[in-house]
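This report concerns only the one structure given below.
The values are calculated or read from the model by the stated rules, or taken from the named source; none is laboratory data. Source: prediction; values computed, not measured. Using ideal geometry, Cβ is built from the backbone for each residue, glycine included, and neighbour counts are taken over all protein chains shown. Only protein heavy atoms, including side chains, enter the accessible area calculation; ligands, DNA and RNA are left aside. Shrake-Rupley method; radii C 1.70, N 1.55, O 1.52, S 1.80 Å.
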Amino acid sequence: DTAVSQTPKYLVTQMGNDKSIKCEQNLGHDTMYWYKQDSKKFLKIMFSYNNKELIINETVPNRFSPKSPDKAHLNLHINSLELGDSAVYFCASSQREGAGANVLTFGAGSRLTVL
Amino acid sequence: AQSVTQLGSHVSVSEGALVLLRCNYSSSVPPYLFWYVQYPNQGLQLLLKYTTGATLVKGINGFEAEFKKSETSFHLTKPSAHMSDAAEYFCAVSDLLTDYKLSFGAGTTVTVRA
């Protein structure tokens, strides 16, 4: 049983298209995240939801829109894809242990390539 | 604001040799510190973490790290490298002021020579 699962694992698409990446966790965690890892492997947080409420919204183009239908799911929709959106997107989840001490469980990543 | 600096983007060690990965942090309040490992084409997994208490923290796969407040460091070590340790390693920090937000360093690629 995969704890944090993302689909699709690979996504190749043309500039200007709209695409979605889905994430589900079966750990019973109350917080979910999207991170972007660029070609230099730098990881940057994009969004975080706690019990379906948006709690972190970093400086991300508004072409990116997260949606959390319930606390086990966090999807990422990207409109009007650009070349610079090519990256690996990681979903993660955590259960709040105490302020600041959250341990994240990551999915395997979704590699997005924009042509 | 919190931040993490990993010294050395690439470390190459011989099998059986000491692995030392350096991490320095900045935080205006007591930090929570983490090391994660990323194997090729996989997500990140937790190696170890420091929250409070004992400053020498042991993790999985024989890794350990020591929190040194005076040096604002959290270096990761393993006495004897194994081929399977070849991976990307990330140091990360969070704190009370950034409750849910984990900030990662740029990562260190470890290669192990036979």
Could you check how many residues of the stretch A:4-51 are away from every other protein chain (no Cβ under 11 Å) and more than 17 Å from A:L104 (Cα to Cα)?
15
Looking across the stretch A:71-112 at residues that are open to solvent by 50 Å² or more (accessible area, probe 1.4 Å) and farther than 29 Å from B:T51 by Cβ, the single one that is farthest from the other protein chains (Cβ to nearest Cβ) is A:S80
So, A:L104, is that one of a type in the set (A, V, I, L, M) and within 20 Å of B:Y39 (Cβ to Cβ) or not?
yes
Would you tally the residues in the stretch A:1-23 being more than 18 Å from A:S65 (Cα to Cα), among the polar types (S, T, N, Q) and open to solvent by 50 Å² or more (accessible area, probe 1.4 Å)?
2
Of all strands (runs of 3 or more DSSP E) fully inside the stretch A:2-59, the set with 1 or more residues that are free of Cβ contacts under 8 Å to residues at least 40 places away in the same chain is A:43-50, A:53-57
A:K52 - would you say it is farther than 30 Å from B:T52 by Cα and basic (K, R)?
no
